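Below is one structure, written out as structure tokens; comments come after it.
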Amino acid sequence: MLAKTHSATVDGINAIPVTIEVDTAPGSKDQTVMKMVIVGLPDNSVKESYSRIVAALGNTGIKLPPQNVTVNLAPGDIRKEGTGFDLPIAVGILKANNLIGSRQTERFMVLGELSLDGSLQPIRGALPIAIKARELEYEGLIVPEQNVHEAAVVNRLPVYGASNLQQVISFFNGIPDVLAPTVIDTRAEFYAHQNDLSLDFADVKGQENVKRAFEIAAAGGHNLIMVGPPGAGKSMMARRLPSILPPLSLSESLETTQIHSVAGQLKGGTGLITERPFRSPHHTVSQVALVGGGANPMPGEISLAHNGVLFLDELPEFPRGALEVLRQPLEDRKITVTRAKYSIEYPCNVMFIASMNPCPCGYYNHPSKPCQCTPGQIHKYLNKISGPLLDRIDIQIEITPLSFDELSRTQPGEHSTVIRERVIRARQIQEERYRDHPGIHCNAQMTPALMRQYATPAPQDMSMLREVINRLQLSARAYDRILRLARTIADLEGAAQIQTHHLAEAVGYRNLDRESWGE
């Protein structure tokens, strides 16, 4: 007998519907157990579902006659991965044996991993699958109860959370009140969990020039690198950057949550991600873990930081190959992972923040501790960061240790909420400016044509900029970055035109472009 159920697999952050066809045939005379063949490009985890399904059915009290079962996962040219096909295959087998059938299984999308005792385990990608189920107008979606909160944020789709196989069987047999749809007010939940500012810039003592650099970076979406000795507060300030960024919009929250859902990073009972992500991988991270991909493709750290902050501490300690693959994603704000068997695209619209010591010993330019490094060693250390990568970092700032008077000051600094208000006003100016330019939302994303239109100084200011660049021997790549920064500084002031002091401040944020560094 032939039966059909419906499920889905995840490709990148998008779901692809999968029709599961189950055909049963009587076994041979000497056959004592059910035998199953799965076709349709299943991976090993899908093939192993046979053992889990047989044990789960037996421990649920269901005994099937010896038979030959053929399972087809259509379309057959797309690779199927993960354990989420356990439940829909089991439902298909029961349907083919006339053990369920009061409800039409074809009207529901089903997914879940089976334990040997028949209970359901959570799966990855419940949110994008729920979005696809609503798009295809299924009557409902059945998921493990650990995933129900995540999937139920998709409105206009009944989502049922089941804890075991028996509940799903009873549901399809029409037994009332076994499963009830979970209803979540998505907007209410989203706004209820926003603005958790547990890390505040008020905790940072001194370092006013660095705080100003962070404010400019947040206002214009600029990448930033800090250079300074150990203990100067680089990591402390980087971790507080999300507190001054504009709050996530609902659409950004949904997109970010999809990525974390696909990666299996959502904790049980979590609906939407309401705060901007902050990812800080260790410098031993592999290239695949940083950018994504692998044998079973997964988003990397740069995609998990989408709409948030990717912070790389001690930048020169990261493998050079891993850093170099960041260049194109930082420019395109998306990453395409292409291998022989697949090609997947993940979004990665991130603010890239990095920190590093000024030299191998860490104390170059330190006010009290002498540096033990030669100029050659300093140059070699700095050269671990390639020019093309630095070209994508707008703000390069030097940070120095605090004096005792600054450390002992008890008065708190400016609170993140106050800084965030200025950042939001500057972002609103930019949103209005670029509203007719799709894909451009902040000054860091300006194209050369937009720079000519919105970031061209007056002739007298252009002459000053030319003189400064020649005198300080700044690199040619610094020119565009200075203009972008000056545009953001002007937006923070509400100025329509870039002025001399905007350019002067922007020039001060290009420390690593100076040829005299380390000499």
Picked from the range 357-397 (must be of a type in the set (G, A, S) and either more than 28 Å from A218 (Cβ to Cβ) or free of Cβ contacts under 8 Å to residues at least 40 places away in the same chain (or both)), the residue surrounded by the fewest Cβ atoms within 10 Å (Cβ to Cβ) is S368
Of the residues in the range 104-127, those that are under 15 Å from Q258 (Cβ atoms) and in contact with an Asp or Glu (Cβ under 9 Å, 6 or more places away or on another chain) number 3
Margin query: Looking at the range 21-32, can you tell me whether even one residue there is within 15 Å of G76 (Cα to Cα) and among the β-branched types (V, I, T)?
Written below: yes
Checking K211, K205 in turn, the sole residue that is within 25 Å of D391 (Cα to Cα), touching a Gly at 6+ places or on another chain (Cβ under 9 Å) and of a type in the set (D, E, K, R) turns out to be K211
Take F172 and tell me if it is under 25 Å from Q428 (Cβ atoms), in contact with a helix residue (DSSP H, G or I) (Cβ under 9 Å, 6 or more places away or on another chain) and modelled with pLDDT of 90 or more.
no
Scanning the range 92-134 residue by residue, those in contact with a Ser or Thr (Cβ under 8 Å, 6 or more places away or on another chain), among the hydroxyl-bearing types (S, T, Y) and either within 24 Å of K267 (Cβ to Cβ) or not assigned by TED's automatic domain parsing to the domain that holds H149 (or both) turn out to be S119
Please work out if P66 is assigned by TED's automatic domain parsing to the domain that holds T24, in contact with a Ser or Thr (Cβ under 8 Å, 6 or more places away or on another chain), farther than 29 Å from A340 by Cα and modelled with pLDDT of 95 or more.
no
Of (1) at pLDDT below 95; (2) buried (at least 16 other Cβ atoms within 10 Å of the Cβ), A217 fails just (1)
Among residues of the range 121-158 being over 24 Å from the mean Cα position of the chain (by Cα), of a type in the set (A, V, I, L, M) and closer than 24 Å to V22 by Cβ, the residue surrounded by the fewest Cβ atoms within 10 Å (Cβ to Cβ) is L136
Per the filter on the range 291-307, residues buried (at least 20 other Cβ atoms within 10 Å of the Cβ) and either touching a Ser or Thr at 6+ places or on another chain (Cβ under 7 Å) or assigned to a loop (DSSP other than H, G, I, E, B) (or both) are G292, P297, G300, A305, H306, N307
request  = Considering every residue within the range 430-444, establish whether at least one is within 30 Å of D11 (Cα to Cα), in contact (Cβ under 8 Å) with a residue 40 or more places away in the chain and surrounded by fewer than 21 Cβ atoms within 10 Å (Cβ to Cβ).
outcome  = yes
Over the range 273-290, the set of residues surrounded by fewer than 22 Cβ atoms within 10 Å (Cβ to Cβ) and of a type in the set (V, I, T) is T274, T284, V285, V288
By residue number, the members of the range 186-207 that are exposed (fewer than 12 other Cβ atoms within 10 Å of the Cβ) and either acidic (D, E) or at pLDDT 90 or above (or both) are D196
Taking the range 222-243 and keeping only residues that are among the aliphatic types (A, V, I, L, M) and outside any loop (DSSP other than H, G, I, E, B), one is left with L224, I225, M226, V227, M236, M237, A238, L241
Picking from Q453, Q430, the residue that is in a helix (DSSP H, G or I), in contact with a Cys (Cβ under 7 Å, 6 or more places away or on another chain) and under 30 Å from R487 (Cβ atoms) would be Q430
Of the residues in the range 409-437, those that are more than 22 Å from R240 (Cβ to Cβ) and acidic (D, E) come to E431, E432, D436
Per the filter on the range 449-478, residues exposed (fewer than 10 other Cβ atoms within 10 Å of the Cβ) and closer than 30 Å to E431 by Cα are A449, P459, Q460, A476
Counting only helices (runs of 4 or more DSSP H) wholly inside the range 159-221, the ones holding at least 2 residues that are within 30 Å of E106 (Cβ to Cβ), of a type in the set (F, W, Y) and touching a Ser or Thr at 6+ places or on another chain (Cβ under 7 Å) are none
If you go through L450, L485, L512, the only one that is of a type in the set (A, V, I, L, M, F, W, C), over 21 Å from P247 (Cα atoms) and at pLDDT below 90 is L512
Of the listed residues (R477, R425, R481), the one being assigned by TED's automatic domain parsing to the domain that holds D394, of a type outside the set (A, V, I, L, M, F, W, C) and either farther than 25 Å from D332 by Cβ or in contact (Cβ under 8 Å) with a residue 24 or more places away in the chain (or both) is R425
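The values are calculated or read from the model by the stated rules, or taken from the named source; none is laboratory data. Not measured: the values here are computed from a predicted model. No Cβ is skipped: glycine too gets one built from the backbone with ideal geometry, and neighbour counts run over all protein chains shown.
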